[in-house]
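Everything below concerns the one structure shown next.
Read-outs: derived from the displayed coordinates by stated rules, not from any lab. In this text the structure is predicted, and so the values were computed from the model without any measurement.
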């Protein structure tokens with residue numbers, strides 16, 4: 001019986017051009033609490049779980065991160081991002097890629113470390129209806145990336161074993177999570193990570209953006 005390939009997509013930096021809006025929103029939230037963290041350090045944390053983000057923040061600032069502070073940061077990030085989201089657009093080829101998979105009856109889902117409150121405007125920009133397409137967010141799993149829970153849950157909702165899945169993401173956290181759940185990791189450069197970083201983290205192929213992936217879909221198990 002032939003293997004039925006499914007695609008599991010990260011959202012920010014993979015399908016929508018939103019990474020740097022998130023960076024600016026986190027910078028604004030951190031500044032509001034007097035936490036000084038360079039922009040490049042914030043960028044390196046986009047895509048990881050909130051708990052891991054907090055642990056690294058503690059190590060780099062020496063500030064005790066209380067649950068109250070964490071909640072204030074999360075809320076201020078959300079409020080700031082809502083202002084920046086007007087500048088977010090689908091990445092080149094993102095809609096065409098998803099439409100192509102749908103036309104070929106290749107199942108796909110979205111798995112993001114963001115909560116639904118933050119993911120909702122990005123899904124709207126992308127034209128994805130969560131009532132029709134499986135969307136797994138941080139709210140729905142115990143652990144986010146680099147743990148594999150998001151991708152495991154997304155594959156389960158598609159009714160396929162995770163070993164049949166192609167995980168498409170833009171960060172090392174996506175690739176580490178895909179490796180841990182035995183999926184095929186495919187990296188995109190559209191989130192700001194380099195090809196060597198993505199490959200070292202487990203990407204078997206790296207493409208520029210969704211448009212470039214669409215051109216080479218057959219290389220990762222998608223039949224055009």
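Apply the a/c threshold of 1.5 to the C-alpha gyration tensor of the chain and tell me whether it is rounded, prolate or oblate. Prolate shape, in that a/c is at least 1.5 and a/b is the bigger ratio. Taking 0.36 nm per residue of separation and subtracting the current Cα-Cα distance, fully stretching the chain between residue 156 and residue 60 would add 30.9 nm. For the chain, the longest principal axis of the C-alpha atoms and the axis of helix 149-158 are separated by about 30°.
For region 50-151, relative contact order (Cα pairs under 8 Å, six or more residues apart, normalised by length) works out to 23 percent.
Using 0.36 nm times the number of residues separating residue 211 and residue 68, minus their current alpha carbon distance, what extension gain do you get?
Taking 0.36 nm per residue and subtracting the Cα distance, the gain is 47.3 nm.
Using C-alpha pairs below 8 Å separated by at least 6 residues, the relative contact order for region 19-86 is 50 percent. For region 19-86, would you read off the P(r) tail past 16 Å as a percentage of all alpha carbon pairs? In whole percent, the long-distance tail amounts to 40.
Which percent, nearest 5, of DSSP beta bridges in the chain are antiparallel? Taking every DSSP beta bridge within the chain, about 5 percent pair in antiparallel fashion.
Taking 68, 79, 60 as the candidate residues, the one with maximal mean-square fluctuation in a Gaussian network model of the chain, Cα springs under 10 Å, is 68.
Across the chain, C-alpha contacts under 8 Å between residues 6 or more apart give a mean separation that, scaled by the residue count, equals a relative contact order of 26 percent.
Could you check which residue among 178, 32, 131 shows the biggest mean-square fluctuation in a GNM of the chain with a 10 Å Cα cutoff? Comparing 178, 32, 131 in the GNM, the peak value goes to 131.
Grab the DSSP H runs of the chain that are 4 residues or longer, score each as -39,500 (n - 2.57), total them, divide by all residues and round the 222 nm result to the nearest 500 deg cm²/dmol.
Using -39500 (n - 2.57) per qualifying helix, the result is -13500 deg cm²/dmol.
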